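Quick notes on the structure that follows.
The values are calculated or read from the model by the stated rules, or taken from the named source; none is laboratory data. These figures come from a predicted structure and were not determined experimentally. FYI the Cβ positions are ideal-geometry reconstructions off the backbone, even for glycines, and counts take in every protein chain you see. Areas reflect the complete protein model, heavy atoms only, side chains present, ligands, DNA and RNA absent. Shrake-Rupley method; radii C 1.70, N 1.55, O 1.52, S 1.80 Å.
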Amino acid sequence: RDSKPGIWRNRAVLDLFEPGSTIKPFLVAAALAEGVCTSNSIYFCENGRWCLGTSKINDTHKYGWLPVNRIIRYSSNIGAAKIGLDLGAEIYFNYLQRLGFNRAVDLPFPGCSKGLIRPYHKWNKVDLAAASFGQGVAITTLHLAQAYLCLAREGVLTPLKLVSKPSQENLAGTFRTARSERRVFPGKVARLVLSML
């Protein structure tokens, strides 16, 4: 048997990483839910290079004006940063909290990691812009899976569960309790964001 610790490490549970562009759908969902933008809103993506203070934000391509759905489709960091700045640090941070990114996912694994998100009052504009495209925050694979499940369940955050053998009962989620679920996004917003993916 190989006794190297790395072989036995449960990386999905323990390892934190910057989610990058995978966080953009949640930013957009928050902005839509708060009325900061609509699906028809367009943002100027600075032809691929934008200076925010002394920091530079780049896109992989020279995008001009993009509607919100194409900001997700083309994964524009600049577009996401501008949406995040419109949304504001406190509101965005609160949505990240509601998605459970700041606490350990409730599964029976030893040592489940909490997400790493600095308090919003310590963010400056560059921090907010970076967090809007998934940099400067850290989560686990389980956090991300739970957040995408929230979108798939039309905006309702449902705790992940561990099953040894799938069955119709646990696939249908019949033993979830109402107390363990909570709405994060309106259903129409979650459906709209899913249609953008």
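Among the residues of segment 17-58, write down those that are part of a loop (DSSP other than H, G, I, E, B) and without any contact (Cβ under 8 Å) to a residue 24 or more places away in the chain.
Selection gives 35, 54.
Name the residues in segment 84-110 that are open to solvent by 20 Å² or more (accessible area, probe 1.4 Å) and part of a helix (DSSP H, G or I), would you?
If the condition is that a residue be open to solvent by 20 Å² or more (accessible area, probe 1.4 Å) and part of a helix (DSSP H, G or I), then 85, 86, 89, 90, 91, 93, 94, 97, 98 are the ones that fit.
Say we look at segment 111-125 and pick out the residues that are under 19 Å from the mean Cα position of the chain (by Cα), touching a residue at least 60 places away in the same chain (Cβ under 8 Å) and under 16 Å from residue 141 (Cβ atoms); which of these is surrounded by the fewest Cβ atoms within 10 Å (Cβ to Cβ)?
Among residues in segment 111-125 that are under 19 Å from the mean Cα position of the chain (by Cα), touching a residue at least 60 places away in the same chain (Cβ under 8 Å) and under 16 Å from residue 141 (Cβ atoms), the one surrounded by the fewest Cβ atoms within 10 Å (Cβ to Cβ) is 116.
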